[in-house]
Structures are given as C-alpha cells and as structure tokens.
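Here is the structure we will look at.
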C-alpha cells in the first residue's frame, strides 16, 4: 500500500496499487467547494503548478504529442502530495478538451469533392507537367502509397483523369497567355527544327519572347510535328500559322533568331525579311572554335592530308577518356587512387567525354583531364592489361595548358550567351569586343598555342562581321543603359545607328500630321496630277516633301537621345528593364524604342532547351505521346507560375 497526504485538507489516503484515480476525484471535490480566502489562495498556488503539455521538460516523445494535439487540446496538472515517509511526490492529472466541430472539419485532410481534394489533384497535375513524369505513374504502387500516407482519405485520380485535367489546364492557361500576348506591342521569336530519336518524328519548335511589366518572359507556343520535307516554304507556312494562332502578327515580330541552317534561314528571310533575321551567336561561336582548332593542323605536301596540330593531341586525350569509360577496372582504380589521397568517395572526380556538336564539352574534357593528369598517369602505368593507351607526353601536357587558357574566354562567352530570362541582344557586340580583347591579352609561349590564338582571332573577325553590320544589334546595344555606344568603335556605324534610332522615334509619332508630306499636295493638285499622263513637277514635289520633312523633324527626339547617351552607364549586373522603368519619365521616346528591341534574344538556345525538355518528355515509358499532347506539356512546362490558375506558392 501507498500512503498519501492531501496538502489542501490534510487528510491521509491509502492506495493499494499506487493508483491515483481516487486522489483525482478527491482533488476535483475540492475544486467544487465554496471559495473562501484561504481556499482561493491555495487554489491559486495549485493553478500556478499547472504545466502545459508542450513543456519539453515533461514530454518524453514530442513527436507523438504533436500528433495528439492535432486531435484534441489537453493540459497537465501537477499535484504535490506527500507519502507516508513525508517525501513529496508529484502526480499528473491530464484534462482533455474535445475539439469543436468546425475545428475537427478543418483538420480533415481531404473530403471527396471538397476544396482540399481539388488542391491535391491540381498539385499532382502541376507535378506531372513540370517533372516529365509518365502518366502511368499515378497508378504505380509507390506513388499511391505515398499519397495514402500523406492523405489517407484522398482518392487518387486515374490516368484518364490526369490527361483530362492537363487538357483543361492548357485551355485555361493558354487563354491567359493569348490575352497577355494580345496586349504586348512587340515580340521576338526563336525557332529550329528537331528530330525525336525515340519515334523518329520531326518537330518545329517555336518560342516567343516579350516584355510584360518590366519582366522578360518566354513561352513555348509550338512544338509542331512535321509531316513533309523540311523545305523553307513548308516551314514558313507552319511558323506563320502558329504565330497567328497565338495573336502574333507579322508587324509584332521585331526579329527572328535561328541557327544558320540554309532552310531555316531562308524561311525567316522569306516571311520576315533579311533585316529581321538574326543568326544564333552560340552556333557561330561553336564554328569559330572548331575551325580555329582544325586550322592548326599541318597539310602534308605529298598526301595533302592534315596531320599533327591540336586535333591530334585532343584525339589522344579522347582515346584515354574512352578507355576509362569502357573499362570499369580502370575507373575503379582512378577512384581508389583519389581516395588514397584522402578524397571522399562522393568528391572523387570522373573523366568527361566530349560531344562533337558542342565545342565546350571538349573544353571541359581537356580541363578535367589536366586536373587528373597525375592520377591518370599513375593508373595507366600500373594497369595490368596490355590494351591500355599510352599517356600523353609532358610536352603535350604543356600544350594542353596553353590551349585551355586560350579557350577559356570562349567558354565564358558561351556561358554568358546561355543565360535565361535576361536581356541578351544588347550583349552581342560588347561580348564579341571583350572576347577579342581577352584573347589579345593572352601570351602563349608554345608555337602551336600561338597559332591557335591567331586562328581564333581570324575566325572571330570573319564569322562575327555579320553582327558588326547588323543594325538591330547596334540599336539594342545603344538602348541598353549598361553599354550605350561604348562598344561601337566605328564612328560611322555609331552615327548611322543613332540616326536610325531617331528616325524610328519619329516614325512612332507619324500619326502627327506635322510629320507627313500629305499637306504638300492639295486636293486640286491631286486631281490634276491624276488626269495627266506625265507629271513633270513630280520630282519637284518629292524634293519639297523631303526638304520639309528635314525641317519639320522634331528636335525633341535628337535631344532626348543625346541626353540619354550623356548619362553614365549603369553597372553590368543591373537589370536594364528595371532601370528603364525608373527613368521612362525622363526619356519617354527612347524608352518606347528600348522596349521594342531589348526583347530580342541573342541565340536560339531557348529552342535548343525546348528540344532537351522534349527529349526528356518523350521517353521509353511514354514514347506514344501525340504531337498535340507533347505541345501542351512543353507549353505548360515553359509557363511562369503566375499563369497557373490554381498554384499556391509556399
């Protein structure tokens, strides 16, 4: 038996098994007694001993407690009592309060047909659109187990429901995007053709770029399956039709960026004019490096075959990398050797094999090879099998170091051109200028590296001359407050570009009758001129019109452009669109032209990324996707979150 003494009334109590049920009833009887001063003071002392359940000093399992708190609200009352040996002992009395009906309903995870169920289903649709997951995943055992664990009352949708909800989401979001595009004044377009290797279907990818609320946005409006030969006429019909479906008229298109493939280039020129066709600078950089490296070879005077040079060294490195990729023993030996140098398993480096269509993958291969050269040499020297390739010589290693130093600026240029959702067209001329300057500063000592430097500069000057003569890119550069006319070194090009900007500014105000020549010819003169076969005074009237136009040109445009150019440039890392929003009151006309041209991308990389996403979408587990479904998925994947009607960001 256990003896206890109540500190309120002083009575002693015995319990046979140490239970506290009777003690609890005794305490509750005290609470129902009339409150005199003494009793009230004692009760206040007792109440001061009440400790919340979430007190960490009283909780053995905080996780289980948190679960219990979801179901009800409770508190613990700690009572001090004395046993028969006058030792104080604390007993806990838990008081449980049931949740109200509204609180219970709010805690239910999902009710069929309710708001919570709709939220979960919408989140699943968002997940399928963004993560390139097969629709059959919704019926997989693991996915359903996860949903059952998270939301026991939720009934997951089936394959057909997911497809239907994706179609509904596409209809809603595409309507919102069309409304946005209809309000936009100008857009730029990137396009390219692509063949999907899983099902051998060809597609024409089309992305549009526009400025909305001082933000540059890009949307994939078409991944159109091609059923005929890739002629410029057929591609042009597909391109124009797709643009019109999205409220993009010919007048809205500022420029179209594509690669230099003859059919794509002709498609753009035939439908939009040569002045609005811009070749992808990233593809041009790829050609510059490939041709420069190739031209470092010597041509044999007898066989007329190219030998030696940098390609020979690169081929040796490539064969070594292939050996390590092919032989698991060699890869294991390389990893084990790095671990012997106290490098953790997760931090051990692997060799990189280049991709012929991407020059920078070759740069990364050489760079990684140089970093692991000592490790590779040790592994090859101690490798037991006879088919191991020979390590390159010390002289060739020195060559590689100089080669990587020269290719470094080209790699930075490629990275700069691959930035997403950033003003890029204005960077083209400054980047070319800065890259040439960086190459000029390189001082290689080895003859082969000197030759590579010379060829890189020659190829840059030859292949990038089309950009120096491109008036649209010059306009973009001047209208970017980060650059203005700093990189237009040719005074003639600078002057012509500024004059062109002023003319465009005047054209934007051509609805003002002061800027037209129609008032030169009266109605009578128009009538008389239409009745005669020869108009001897036609030349005179044209000269008068031109002369009056020159006199009536509003000097406000010239002064505004000069005032803008006289202000200092902003930091290279600043956002030019945000800067223009802050200064548009000071330069309203220049601002209007800037918003027209700064929307143009510098490369067709957005379309290349589109095809990468398409390749990740069309996999072995979903290789029967129709062209229409693929278009919808890629469109939804490219959308900014603000266009999703049901998305809640946390």
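The values are calculated or read from the model by the stated rules, or taken from the named source; none is laboratory data. The shown structure was predicted, so the numbers you read here are calculated from the model rather than taken from an experiment. When we count neighbours, we look across all protein chains shown, and the Cβ atoms used for this are built from the backbone with ideal geometry, even at glycine.
Quick notes
- For residue 415, the conditions (1) modelled with pLDDT of 90 or more; (2) out of contact with any helix residue (DSSP H, G or I) (no Cβ under 6 Å at 6 or more places or on another chain); (3) closer than 26 Å to residue 481 by Cα are fulfilled apart from (1).
- From the list 351, 406, the one residue that fits, being in a helix (DSSP H, G or I), surrounded by 17 or more Cβ atoms within 10 Å (Cβ to Cβ) and assigned by TED's automatic domain parsing to the domain that holds residue 443, is 406.
- Flag if residue 254 is at pLDDT 90 or above, in contact with a helix residue (DSSP H, G or I) (Cβ under 7 Å, 6 or more places away or on another chain) and surrounded by 15 or more Cβ atoms within 10 Å (Cβ to Cβ): yes
- Output for the stretch 373-386, where each listed residue is free of Cβ contacts under 8 Å to residues at least 24 places away in the same chain and assigned to a helix (DSSP H, G or I): 374, 377, 381
Residues checked against (1) surrounded by fewer than 16 Cβ atoms within 10 Å (Cβ to Cβ); (2) in contact with a helix residue (DSSP H, G or I) (Cβ under 7 Å, 6 or more places away or on another chain); (3) more than 16 Å from residue 315 (Cβ to Cβ); (4) outside the structural domain of residue 326 (by TED's automatic domain parsing):
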residue	(1), (2), (3), (4)
343	yes, no, yes, no
359	no, yes, no, no
368	no, no, yes, no
385	yes, no, yes, no
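- Residue list for the stretch 469-487, filter: assigned to a loop (DSSP other than H, G, I, E, B) and more than 18 Å from residue 563 (Cβ to Cβ): 469, 470, 487
- Boolean, residue 431 is over 23 Å from the mean Cα position of the chain (by Cα) and within 20 Å of residue 282 (Cα to Cα): no
- Residues in the stretch 387-401 that are part of a helix (DSSP H, G or I) and either touching a strand residue (DSSP E or B) at 6+ places or on another chain (Cβ under 8 Å) or exposed (fewer than 13 other Cβ atoms within 10 Å of the Cβ) (or both): 394, 395.
- Where helices (runs of 4 or more DSSP H) fall entirely within the stretch 245-348, those with at least 1 residues that are touching a residue at least 60 places away in the same chain (Cβ under 8 Å) and at negative phi are at 262-272, 281-294, 309-326.
- Conditions (1) modelled with pLDDT under 85; (2) buried (at least 17 other Cβ atoms within 10 Å of the Cβ); (3) within 19 Å of residue 506 (Cα to Cα); number of the one not met by residue 552: (2)
- Scan the stretch 345-357 for residues that are out of contact with any helix residue (DSSP H, G or I) (no Cβ under 7 Å at 6 or more places or on another chain) and at pLDDT below 85 and the total you get is 3.
- Top-ranked residue of the stretch 435-450 - restricted to ones that are part of a helix (DSSP H, G or I) and out of contact with any helix residue (DSSP H, G or I) (no Cβ under 8 Å at 6 or more places or on another chain), ranked as farthest from residue 604 (Cα to Cα): 447
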